[in-house]
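The structure appears below as structure tokens.
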Amino acid sequence: MQNIRIGRQPILDSDSNLCAYSIMYREDGKNTYSSAAVISSVLNKFGAHTLLGRRRAFVNVDKKFLMHDLILTIPKDFFIFSITCEVEIDEKVIERVQNLHDKGYILSLEHIDLNHISSYKAILKQISYIKIDIRSIGSARLKEIVSKLKGLSIVVVADNIYDSQQYAIAKELGCDWYEGYFFAELKIIENATFAPTQMEIMKLYRLLMEDANIDEITKEFENNYEVTLQLLQFINSGAFHFRNKISSIHHVLTLVGRTPLAQWLMLMIYSKSVSKQHNRSPLMLMVKNRTELMENILKSVKPDVRSNMLGEAYFVGVLSLIDVVFGIAMEDILQQMHVSDTVKLAVLQDEGLLGEIFALVRDIEAFNTEAVEAFEQKYKLNKGAINHVIVKSMEGVEAFEDPIKD
């Protein structure tokens, strides 16, 4: 099998909750996204749990794959088969869709022309989702059609949202879920400001990085019980491996160390709020993925990299969306924080090795496979090395999210 590039794009609801993923993949030298052999290889090679955690993913299927018995080997508990608009709805397709539905498979329609929705009437009862290409919106009747689809208990997913105007159109239409690079960048967060709890986290972060007295840090943590409760829950959940469970902040500081705690606090900032709810925000998960990619790509390029440079790679990732959270220019935020010039130049200007890796991380998010291949060639990495890093990073994100869910 040739090398396969894999990508994963989040799908959010109107409250910014992460609902599902779209799986993107490309086989070297081919532009097809619907080969049954490629889909099977992707799922077998990477594994459903690694790619998705506990969520489902939309996977495009053409007629050849839809009618092939190979589709019955794909785990129905993890995937939503999205029938592409090129599939003609004939008697064989209708029979196949009914059969898959009866077996418990979840089906979707991909980018169909809603002005001709009547041509899909024979299978609408078996369809759970319909993806619409927001860029092709043009019918004055579209809002009425979307309303009728929702009346059939079909979830309408607005796809290819790249800016706030397209997002506004999708909301006006009454769409349920939203997908596109606009959300991969998580610009959905509007009018972000320093929340009180976030300000306290920033204060704790500065105390840790400024080598303040351990008793002073302990007292500050104890004055912020919500942060302390979440920290103790995180530590005791299995993220760290100690012989005995940790019961105090003083104990945490002694055994864990200042830098890991500072890193954890920076991730906490990416929660919309620090609460008792057992959920990771999509923004927090995206930043966690960036930190995993930054560190793992750096290890691939420099296998003997020292811990201080790995720490800088981590902070490039964790700082990369801090301006989205606070609604303040990145330059102003970095001015207030103790980060190295290496980190500043990487975040602001993509300079240096860390800057190149940061640019690559954004290319990975945009599924720019050409940029990935160029990076592998420049640093003489094995073909597919970055793909391996991507999957490893996905595993790190799922491990990060699971303790909170369990």
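Details
- Estimated inter-spin distance, Gln335 and Tyr379, nm [label 7 Å along Cα→Cβ]: 3.2 nm
- Links that overshoot a 21 Å alpha carbon limit, given the list Lys63/Lys92; Lys219/Lys344; Lys63/Lys125; Lys63/Lys383; Lys63/Lys131; Lys76/Lys148: Lys219/Lys344; Lys63/Lys383; Lys76/Lys148
- Distance between segment 96-143 and segment 290-360 - C-alpha centres, whole angstrom: 42 Å
- 14 Å reach of a label modelled at Lys143, 7 Å along Cα-to-Cβ, counting backbone N of segment 155-173: 168-173
- Three-way shape call for segment 282-405 based on the alpha-carbon gyration tensor, with the a/c threshold at 1.5: oblate
Readers should treat all values here as calculations from the given coordinates under stated rules, not as data from a laboratory. This structure is a prediction, so every number in the text was calculated from the model and none was measured. When we count neighbours, we look across all protein chains shown, and the Cβ atoms used for this are built from the backbone with ideal geometry, even at glycine.
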